[in-house]
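Heads up, the thing below is written out as structure tokens.
None of the figures in this text is laboratory data; all of them are computed from the coordinates on show. It should be emphasised that the depicted structure is a prediction, and the values quoted were computed from it without experimental measurement. Cβ sites come from the backbone with ideal geometry, for glycine too, and all protein chains shown count toward neighbours.
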Amino acid sequence: MDDITIARAIHVLAVLLWIGSVAFVTLVVMPSIRAAHPPTDRLAAFHKLEGRFAAQAQMWDRFADPQFWWMHAMVGLWSIAAGSS
């Protein structure tokens with residue numbers, strides 16, 4: 001396999017995991033919290049669970065670090081791809 005095929009396979013796998021995670025939160029976590037907690041405690045319960053995953057989604061400060069130059073490259077490529085479609 002060439003590098004492009006491997007990169008696409010990794011990208012597709014990452015998208016599937018992301019969509020699966022969103023589905024899991026929507027179809028399992030939120031209904032479970034709703035069933036197990038009174039309305040006044042639901043948001044706190046969700047934040048407690050969400051706190052374990054928040055670090056992954058809140059890495060915006062990496063855009064200011066030159067070590068993560070590739071993040072700027074990804075955004076540039078995504079912008080080009082989005083503009084051409």
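Numbers for the structure displayed
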{"item": "Yes/no for residue 28 being under 15 Å from the mean Cα position of the chain (by Cα) and surrounded by 10 or more Cβ atoms within 10 Å (Cβ to Cβ)", "result": "no"}
{"item": "Failed condition for residue 60, given (1) under 26 Å from residue 77 (Cβ atoms); (2) aromatic (Phe, Trp, Tyr); (3) surrounded by 10 or more Cβ atoms within 10 Å (Cβ to Cβ)", "result": "(3)"}
{"item": "Filtered residues of the stretch 63-73 (kept if within 22 Å of residue 17 (Cα to Cα) and surrounded by 11 or more Cβ atoms within 10 Å (Cβ to Cβ))", "result": "71"}
